[in-house]
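The next block holds one structure in the form of structure tokens; read it before the comments.
Where a number appears in this text, it was derived from the coordinates with a stated rule and is not lab data. This is a predicted model, so every value here is computed, not measured. Counting neighbours? That spans all protein chains shown, and the Cβs are built from the backbone with ideal geometry, glycine included.
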Amino acid sequence: AASAGAISEKMRIHPGGVVSFLSGIELGSGLDATAANTLDDYEEGTWTPNLRDSSGNSVGQSGQTGHYTKIGNLVYVIFAISVNDPSSAGNGLQIQALPFTVENVSEGSGEPSGGYITFANNLASTDFGGFISTRANNGSTFMELKFTTTGAQTGIANNHLAASQMTDSTYMTGHCIYRTG
């Protein structure tokens, strides 16, 4: 029988570095890496977002930065892009070079995934219905930039952002959350 002041085991460090908490969480891999409660993949890093149209034409950019956090198969990316010459690109703007490939799912085109542009200035157009969304495309390494026109109730974020809706001093920041396969 344990005495009134006895210490009970709360955490165990196993050979090979696996740490398990008796509350049910396991860190590392080795005991049961297939268990749903195993945190076996955590990563942070940087990536360079690349703004292009759907035909692969590059939008001139004077600066791009990006950071990501990956926990298991869930990826959270943030980015900032400064445009200096949108004239060589057309419709269907995409932010390419995501740090991990988007999960290839059978429903939709990358769902569950998405985010939005959190800040933008010096756009040539203002008819974005309040926001521009980022949608990670199924089985790819890019996000589409989409919007709905003001007042539209159907086809939310169904229009592709075009380079003509930007200027040579457009600046935007945003994020997206997606699953990787």
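Which parts of the stretch 83-107 would a label at SER54 reach, counting a residue when its backbone N lies under 18 Å from a point 7 Å out along Cα-to-Cβ? Counting backbone N atoms under 18 Å from the label point, the list is 88-97.
Under a 5 Å amide H cut-off, with hydrogens placed 1.01 Å from N, ASP41 pairs with GLY72 among residues at least 5 apart or on other chains.
Please list, in order along the stretch 9-19, the HN-Hα scalar couplings obtained from phi with the Karplus expression 6.51 cos²θ - 1.76 cosθ + 1.60 (θ = phi - 60°), rounded to whole Hz, x for Gly and Pro. So the Karplus estimates, Gly and Pro as x, are 5, 10, 9, 9, 9, 8, x, x, x, 5, 10 Hz.
In order along the stretch 49-61, phi translates into HN-Hα couplings of x, 10, 8, 9, 8, 5, 8, x, 6, 7, 8, x, 10 Hz, rounded to whole numbers, per the Karplus curve 6.51 cos²θ - 1.76 cosθ + 1.60 with θ = phi - 60° and x for Gly and Pro. For the stretch 48-109, the ratio of Cα radius of gyration to the globular rule of thumb 2.2 N^0.38 Å stands at 1.27. Each residue of the stretch 167-174 was assigned a 3J(HN,Hα) from its phi angle through the Karplus expression (A = 6.51, B = -1.76, C = 1.60, θ = phi - 60°), giving 10, 7, 9, 5, 10, 8, 10, x Hz with x at Gly and Pro.
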